[in-house]
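**Student:** Starting off with a structure, shown below.
The values are calculated or read from the model by the stated rules, or taken from the named source; none is laboratory data. Everything quoted here is computed from the prediction, not taken from an experiment. As a convention, Cβ positions derive from the backbone with ideal geometry for all residues, glycine included, and neighbour counts pool all protein chains shown.
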Amino acid sequence: MEDYLEAMRTLADEFGAVRVTQLSDALNVSKPSVTAAVARLVAENLVKHEKYGLIELTPRGRLVADDVWRRHEALWTFLTEILGVSEQVAEREACQLEHYLSPDTSKRLGQFVGFVLEGDGGRPTWLEEFFESIKHAETDSGLGKNGSGKS
């Protein structure tokens, strides 16, 4: 359900209104699946939806969606900017991991990412050294960034 809320938030920010078809396309799921999920979210007072009408996040739904989005962003940034994972892999894995973080862990991860990347000295030298060690390890093993032997 968190994926639906996060997608609704993103679509609402981009288009102003959200329809079942947009959610279906964004999440790559069937329209009946979206309709069932939306009905469940309505029952939990997270969204408002009239049959064949627009879908809107309630204030409570927006809070949950914002929290999921923050977790996703912290994970994506950690994976790409600190671990050097490709954006495509980071996107997929952030979507999977965001549902398992406690609020405290999520908050600490966001603080850590901010501390590392936004410090007074800019990007720390140890992080650059880490990226260099990854490049050397990939070159030495014949593996590219995706682990397949291709860069």
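Yes/no per residue for (1) without any contact (Cβ under 8 Å) to a residue 60 or more places away in the chain; (2) under 30 Å from residue 134 (Cβ atoms):
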site: 2; (1), (2): no, no
site: 12; (1), (2): yes, no
site: 20; (1), (2): yes, no
site: 25; (1), (2): yes, no
site: 93; (1), (2): yes, yes
site: 114; (1), (2): yes, yes
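**Student:** Between 42, 34, 29, which is touching a residue at least 12 places away in the same chain (Cβ under 8 Å), out of contact with any Lys or Arg (no Cβ under 6 Å at 6 or more places or on another chain) and outside the structural domain of residue 126 (by TED's automatic domain parsing)? Full working, then the answer.
**Tutor:** Values: 42 fails: touching a residue at least 12 places away in the same chain (Cβ under 8 Å); 29 fails: touching a residue at least 12 places away in the same chain (Cβ under 8 Å).
On inspection, the qualifying residue turns out to be 34.
**Student:** Given the criteria surrounded by 15 or more Cβ atoms within 10 Å (Cβ to Cβ), out of contact with any Gly (no Cβ under 9 Å at 6 or more places or on another chain) and modelled with pLDDT under 95, does residue 81 qualify? It would help to see each step written out before you state the result.
**Tutor:** Details: surrounded by 15 or more Cβ atoms within 10 Å (Cβ to Cβ): yes; out of contact with any Gly (no Cβ under 9 Å at 6 or more places or on another chain): yes; modelled with pLDDT under 95: yes.
Here the answer is yes, as residue 81 does meet what is asked.
**Student:** Still on this model: It is to be established whether one or more residues within segment 40-58 are among the small types (Gly, Ala, Ser) and buried (at least 16 other Cβ atoms within 10 Å of the Cβ).
**Tutor:** Filtering segment 40-58 for residues among the small types (Gly, Ala, Ser) gives 43, 53.
Cutting the leftovers down to buried (at least 16 other Cβ atoms within 10 Å of the Cβ) gives us none.
No, segment 40-58 has no match at all.
**Student:** Here's another thing I want to ask about it. Does residue 71 satisfy the condition of being outside any loop (DSSP other than H, G, I, E, B), touching a strand residue (DSSP E or B) at 6+ places or on another chain (Cβ under 7 Å) and crowded, with 16+ Cβ neighbours inside 10 Å?
**Tutor:** Details: outside any loop (DSSP other than H, G, I, E, B): yes; touching a strand residue (DSSP E or B) at 6+ places or on another chain (Cβ under 7 Å): no; crowded, with 16+ Cβ neighbours inside 10 Å: yes.
Taking the combined requirement at face value, the residue does not satisfy it.
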